[in-house]
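Student: One structure, as structure tokens, below. Some questions next.
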Amino acid sequence: MNRTAVPSCDAAKLPRYAEIRRELEHAILSGRWPPGRRVPSEHDLVAWYGCARMTVNKALSELAAAGLIVRHRRAGSFVAVPANDQSILEIHDIEAEARSDGKAYRFELLGRALRKATRADAARLGVKPGAPVLALASVHFVDGAPFAAEDRLINLDAVPRARDIDFTTRTPGGWLLAQIPWSRARHRISAINADAAMARALRIARGAACLVVSRETWQQEVPITQVDLSHSGESHHLVAHFSPAGRRRDGSGKHRQP
């Protein structure tokens, strides 16, 4: 075991297992041991600290209970991957959440186009150029104020029924969540300045700061949809509550009236 693998710290008067736990915890929280890194084996830790295996096991058990490591029988222990991103970036139905909070909700479809995927569409959605896609532009309103501008592409090879749905009366996101099972999703958060179209949709000044949550979903390895949800930076923020063990309590987008 490399002598630089475990940092030293002043652990005077701590029980031996607590001293070991604190040193290993420091290695994880300081970033010295990144998520997914294999933790030294019990055998190596016993040799390093010169203590009983039971002492090392107790230290590792407490780290596992705190959500800092994951222990696999025979494979060993590994630094846990934080669950914070999952807390914030779940797939939410904006209409359902607004109504469950007792708020007024309205959806406005701004544009609808059936077309063959352009190169830009293909790059966004992960399909081949020329594949049939449905492009939708819309705005979600909560309590009368714009909540999000939505720019969505749907893969019609994967979801041919979307071609015939009237999305002036139902939201594409809500319909897809109810009709099409997805097996994998990816989110990306970015900050941009509103262009003219986004400024009109969100009723903000052109160039104002916006928070954009981009999402892609797949069914197995087949792309279903790609959507950009843009929010006014002054009235929207993401909130998540989680425990040290990474267990999610809630996570959602919050909107403040300007």
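The values are calculated or read from the model by the stated rules, or taken from the named source; none is laboratory data. These numbers come from a predicted model, not from an experiment. Don't worry about glycine lacking a Cβ; one is built from the backbone with ideal geometry, like all the others, and counts go over all protein chains shown.
Student: Enumerate the pairs (first residue in the range 40-66 and outside the structural domain of A27 (by TED's automatic domain parsing); second residue anywhere and among the charged types (D, E, K, R) and surrounded by 13 or more Cβ atoms within 10 Å (Cβ to Cβ)) with beta-carbon separation below 7 Å, excluding pairs fewer than 6 apart on the same chain, so at least 6 apart or on different chains.
Tutor: none
Student: Pairs needed: first member in the range 164-182, touching a residue at least 24 places away in the same chain (Cβ under 8 Å); second member anywhere, surrounded by fewer than 16 Cβ atoms within 10 Å (Cβ to Cβ) and of a type in the set (K, R); C-beta distance under 7 Å; at least 6 residues apart or different chains.
Tutor: Close Cβ pairs (under 7 Å, with a partner that is surrounded by fewer than 16 Cβ atoms within 10 Å (Cβ to Cβ) and of a type in the set (K, R)) amount to F167/R112.
Student: I would also like to ask the following. Can you name the residue in the range 19-31 that is within 24 Å of R74 (Cα to Cα) and touching a Pro at 6+ places or on another chain (Cβ under 7 Å) and is also modelled with the lowest pLDDT among such residues?
Tutor: A27
Student: Specify which of the listed residues (V139, V133) is in a strand (DSSP E or B) and touching a residue at least 40 places away in the same chain (Cβ under 8 Å).
Tutor: Every option except V139 fails the conditions.
Residues checked against (1) in contact with a Leu (Cβ under 8 Å, 6 or more places away or on another chain); (2) outside any helix (DSSP H, G or I):
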position: T169; (1), (2): no, yes
position: A197; (1), (2): no, no
position: V212; (1), (2): yes, yes
position: R215; (1), (2): yes, yes
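Student: In the range 43-93, how many residues are within 30 Å of H187 (Cβ to Cβ), polar (S, T, N, Q) and modelled with pLDDT of 85 or more?
Tutor: Final tally of qualifying residues: 1.
Student: Could you please let me know if D228 is in a strand (DSSP E or B) and modelled with pLDDT of 90 or more?
Tutor: yes
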